[in-house]
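Here the structure comes first, spelled out in structure tokens, and everything after it is commentary.
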Amino acid sequence: MEVGLIGLGNMGSGMAKSLLHAGHRVTVYNRTRTRAEALTADGAIVAASVADACRPGAVLTMLADDAAVEAAVFANDGILASLSRGGIHVSCSTISVALSDRLAIEHSRAGQHFVSAPVFGRPDAAENARLAVVAAGEKTVVDRCKPLFEALGPKLLVIGEKPSLANVVKLSGNFLIATVLESLGEAIAFARKSGVDASALLDFLTSTLFNAPVFKTYGGLIVEGKHEPAGFALPLGLKDVRLVLQAAELRSVPMPFASLLRDRFITAIARGNEKSDWSVIARVAAEDAGLPAAKTAGA
């Protein structure tokens, strides 16, 4: 399948590689052109503009936030103006429910199709076709996109025909991950200050009660104090928690844990961790307990 891909950060670059390795013809665009050129060795075609990336008739966006997506879509030479009638825009970004609804309306007015397909997984999963995809949109259009989703990973949930339903699922999942980060941070700080070996605790818990990748992956980062380089940067985590709160408020759904998490993320940023992985909120829990930072492996 021929497809464009706009946005080549850690996740977008990995996704491009997975699509290329699955045999798709991928045209890539990024504001920093060197990121696009780095993918030519894998077979990517470098686009000179957003419009060029739209020429295949289907384009994926993997951008940081609402503002970045809006800039790519609504600019004079953006996706909305450049995608052909009948073309498909697939947003893989974690964006607000409100923006997803707006994109669905505007693409429909332009005679185009919009599918929301945010993904779960870190950069290594993106590069090795291990992402989980949540998709929503017109059934026939989602079906046309399935070869792309299957190239990104083994798990696909099609949640409905309203695109923003996929964004609700994505925000719900990221909220739960954030609660895991905070609870792991607090539990490990409690164990460390009580004299329990944090590695032994984590190994026991993740092989019994909490035998799930999210606990193993993030628990390992927290125990080792390995929050740099960021797989998912702290400010992006704060953005997602804010999006959850905004969407929940519109539905009159109180989320007190989300409010607490927002404050913990702000605290972590205020302490100079804005370039760290979002698991760094565990460092806040340790600092609040009067503990020194966990030593990274090999330190």
field: Some residue of the stretch 173-187 being of a type in the set (Val, Ile, Thr), in the same structural domain as THR61 (by TED's automatic domain parsing) and either surrounded by fewer than 23 Cβ atoms within 10 Å (Cβ to Cβ) or touching a residue at least 24 places away in the same chain (Cβ under 8 Å) (or both)
entry: no
Options LEU63, LEU19, LEU39, LEU83: the member that is closer than 25 Å to PHE120 by Cα and either without any contact (Cβ under 8 Å) to a residue 40 or more places away in the chain or assigned by TED's automatic domain parsing to the domain that holds ASP240 (or both): LEU39
message: Return the residues of the stretch 67-80 that are surrounded by fewer than 22 Cβ atoms within 10 Å (Cβ to Cβ) and in contact (Cβ under 8 Å) with a residue 40 or more places away in the chain; say none if nothing qualifies.
response: ALA68
task: Return the only residue of ARG85, ARG102, ARG144 being outside any helix (DSSP H, G or I), out of contact with any Ser or Thr (no Cβ under 8 Å at 6 or more places or on another chain), basic (Lys, Arg) and at pLDDT 95 or above.
output: ARG85
message: Can you report the number of residues in the stretch 194-227 which are assigned to a helix (DSSP H, G or I) and without any contact (Cβ under 8 Å) to a residue 24 or more places away in the chain?
response: 10
message: Can you go through ALA230, ALA286, ALA247 and tell me which one is in contact with a Leu (Cβ under 9 Å, 6 or more places away or on another chain), part of a helix (DSSP H, G or I) and crowded, with 17+ Cβ neighbours inside 10 Å?
response: ALA247
message: Among the numbered criteria (1) without any contact (Cβ under 8 Å) to a residue 12 or more places away in the chain; (2) part of a loop (DSSP other than H, G, I, E, B); (3) farther than 27 Å from LEU131 by Cβ, which one does ASP263 miss?
response: (2)
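The values are calculated or read from the model by the stated rules, or taken from the named source; none is laboratory data. Everything quoted here is computed from the prediction, not taken from an experiment. Backbone-built Cβ (ideal geometry, glycine too); neighbour counts: all protein chains shown.
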